Amino acid sequence: MRNKLINRILHLSRPKKRAISVVTDFVLLSLAIWAAFALRFENSGWIPSEKQLWVSLATVVVTVGAFIKLGLYRAVIRYISEHAFLAILVGVVFSSIALIVLGFLFQTLVPRSVPVIYGAFAFMLVAGTRFGVRTVVRRRGDRSKDGVLIVGAGPKGMQLASALAQGVEYRPLGFVSMLEANHKSMIGNLPVYSMEFIDKAIRELDVSRVLLAIEDSEPVNRKQLMQTLEGLSVPVQTVPSMSELVAGLARINDIRDLEIEDLLGRDPVRPDAAMVSQSLFGKAVLVTGAGGSIGSELCRQILRHKPSKLVLLEQSEFSLYAIERELQSINQIEALGVSLHAVLGSVTHRRRCEAVMRAFGIQTVYHAAAYKHVPLVEHNVIEGVQNNVFGTFHTAEAAIATGVERFVLISTDKAVRPTNVMGASKRMAELVLQGLAQRQSGTVFSMVRFGNVLGSSGSVVPLFRDQIRDGGPVTVTHQDIIRYFMTIPEASQLVLQAGSMGKGGEVFVLDMGEPVRIADLARKMIHLMGLEEKTEDNPDGDIAIIYTGLRPGEKLYEELLIGDNPQGTAHPRIMMAREVSLPWAEVEDFLSKFAHASQAFDCQAVIELLKQARTGYAPNGELADLVWCNGGQGVNEARPDGKVLKFGVSPQDV
């Protein structure tokens, strides 16, 4: 019955609710005046005289008018904040003064203590009823909310708790603080626990999930934190970073799965911003493959270093549209004043690249365009070589022809002793740039090599996350497969850093930290999403991990160096590899042979050339090109009309 009455009141129109508030305050204020006189005269049956009655009614009317003026009736009671206390206090003080003035004007008896007693009663009744109603309404709503525990008791954590309390999905139940001084204390009405008692807090408070709201500047041992959180029985999620909040890209209550850098369990590497800015500020910069995962992040970071122009070269129309729209928004919101230009085109078209560089007076090129998905390149050998080898060659030649100052190739750890066509083609691209660095000195060529980038297209993390949400199983190629990992922003920052340090022909290697076992990463994601791994020992678990076997061209371990004697640089996490290189004449000869093999669509010849070119290519399986293996050989034969079919693009054709 009571719930039905509350529901009926809650569903009334706003004018009706305001009318109820006015009537209620009228009654409560009248009661407060009567109680004040009765208490003063020590007579519980006190009855006012005619003049006292008129004074009381006038005081109540004036007070209600003051509350209207103060906006008290515009406030939604279920969301009323502590600021309403001030409005009520001001209104009550005004009301007490009005009682004194009206008593004087009506020449009636109003003892000096009555306005004080009345003010106290009025404040308690008016404020108490509002916050009492708010508590009842919220408590009813809280029953349907998920209880959450907030890790982080700083400004971000408190802001999150306040936002969640106003929302309809989550109910903050307590904090976990990294600071000893906060332990066993209360913030608002919420208890604060230490990290070592987080399990106890989850049990006692009946928490359904844990939210990370750690301050960006707070020193935290990420590895230890992730190990602790991984063992919890509830999902662990996070809130946006302060930079996203300041930029308006997210709200504090935008709850989402753990950031990828959190999964690494280590602190990200910070670049030397001054050195990077010096190489980019006021420059005309071109990024190839600008719509890809690495290329787009490079664009975001380059933009904030305020180049004079930023040219985006991309062959995918939608990807180019998406990144241009995002960058234009950032450029406008942050008032960076960068001239942005989105250009459709392929790096395999030499004349297009040269025309673009010449038109915009490009000074620095970041070459991120590449086919990098190992199985796909393994199944499309000619296209992989065309894009990764000839795309790099044509873009580099265009840079030389137009007087570009710096050219930075985004390479990969799969270029080291490659077992797949993708890695071998990227190593060949490195050899091309090393050869060009020997041939001329006008353009400084450098290469940056790093491992897997978490969150990029083809990364295992989004795949695992989708598989877990779908109920599993999570597919891992091999139980012992290990990879180096770095986040996209971290890798992009270090690429910019390394690019600014190049003198000509260097292969820079990013320190990727400790390698990560893919199966362990999958288990960590399962546990952090509040689930259990399903195994023979735990048949009642939620998500199983199955091993599908290595894919064509894939190997268990990746390396970052061919040699064992890297040279240090000015940045502690960037090394310079001492790699074998070929003289330009030999590189040019290989390019010519690759071009002829591509024109003939001779995949076998391409594979043999990759082996001969000192790339270190040692395939661990048979040729897997989909067309070649399904009867696509010999397409360079004469047709009935006497013409010859040609595939690929040679340096002479463009």
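Read-outs: derived from the displayed coordinates by stated rules, not from any lab. Keep in mind it's a predicted model, so treat the numbers as computed, not measured. In this analysis, Cβ positions are derived from the backbone assuming ideal geometry, glycine residues included, and neighbour counts consider all displayed protein chains.
Computed FRET efficiency, Cβ-Cβ of Ser113 and Asp146, R0 45 Å: what is it to the nearest 0.05?
Rounded to the nearest 0.05, the efficiency is 0.35.
How big, in percent, is the set of alpha carbon pairs in segment 273-577 lying more than 31 Å apart?
On the way: 14386 of 46360 pairs.
Value for segment 273-577 (Cα pairs over 31 Å): 31 percent.
Quick one: putting +1 on the C-beta of Lys and Arg, -1 on the C-beta of Asp and Glu, what dipole do you get for segment 273-577 around its Cα centre, in Debye to the nearest 20? Each step should come with its number before you reach the end.
Numbers: 29 positive and 31 negative charges, 267 e Å.
Its charge dipole is roughly 1280 debye.
In percent, what relative contact order does segment 273-577 have, based on Cα pairs under 8 Å that are 6 or more apart in sequence?
Computed value for segment 273-577: 17 percent relative contact order.
How much FRET efficiency would the formula 1/(1 + (r/R0)^6) give for Ala401 and Asp537, where r is the Cβ-Cβ distance and R0 is 60 Å, rounded to 0.05?
Approximately 0.40, to the nearest 0.05.
Summing Lys, Arg as +1 and Asp, Glu as -1, what charge do residues with Cβ under 13 Å from the Cβ of Lys611 carry, Lys611 excluded?
With Lys, Arg at +1 and Asp, Glu at -1, the neighbours total +3.
When the Debye formula is applied to the Cα atoms of segment 280-336, each taken as the same point scatterer, what base-10 log of I(q)/I(0) results at q = 0.16, 0.23 Å⁻¹?
Scattering profile of segment 280-336, log10 relative to I(0): -0.41, -0.84.
Positive end of the dipole of segment 273-577, charges at C-beta (+1 Lys, Arg; -1 Asp, Glu), about the Cα centre: which of Met447, Cys353, Val276 has its Cα farthest in that direction?
Cys353
Looking at the calculated P(r) for segment 330-447, what percent of the C-alpha pair distances fall above 22 Å?
Cα-Cα pairs of segment 330-447 separated by over 22 Å account for 37 percent.
Would you kindly derive the ³J(HN,Hα) couplings of segment 494-508 from the backbone phi angles with the Karplus curve 6.51 cos²θ - 1.76 cosθ + 1.60 (θ = phi - 60°), listing them in order in whole Hz, with x for Gly and Pro?
Karplus-based 3J(HN,Hα) across segment 494-508 equals 6, 4, 4, 5, 5, x, 6, 9, x, 10, x, x, 6, 10, 8 Hz.
Over segment 338-452, what is the mean sequence separation of C-alpha contacts under 8 Å (at least six apart), divided by residue count, expressed as relative contact order in percent?
On the way: 191 pairs, mean separation 32.8, N = 115.
Reported as a whole number, the value is 28 percent.
Quick one: net charge around Glu397, please, counting Lys, Arg +1 and Asp, Glu -1 for every other residue with C-beta under 12 Å from its C-beta. List each step's numbers first, then the result.
Numbers: positive: Arg350, Arg351, Arg439; negative: Glu354, Glu588.
Net charge around Glu397: +1.
Dimensions of segment 268-394 along principal axes (Cα, Å, largest first)?
44, 37, 27
Given Lys414/Lys611; Lys283/Lys372; Lys426/Lys611, which pairs have Cα atoms separated by over 22 Å?
Distance filter (> 22 Å) returns Lys283/Lys372.
Apply the Karplus curve 6.51 cos²θ - 1.76 cosθ + 1.60, θ = phi - 60°, to the phi angles in segment 472-477 and return the couplings in whole Hz, x for Gly and Pro.
My calculation for segment 472-477 gives x, x, 8, 9, 10, 5 Hz in order.
Give the relative contact order (percent, whole number) for segment 491-547; include only Cα pairs under 8 Å separated by 6+ residues.
Once normalised by length, the contact order is 19 percent.
Which of the trypsin sites (Lys or Arg not before Pro) across segment 500-543 are loop residues per DSSP, with 12 or fewer other Cβ within 10 Å?
Passing both the DSSP loop test and the Cβ count: Lys503.
Suppose the chain between Leu336 and Asn43 were pulled fully straight at 0.36 nm per residue; how much longer would it get relative to their current alpha carbon spacing?
The span from Leu336 to Asn43 would gain 98.1 nm if fully extended.
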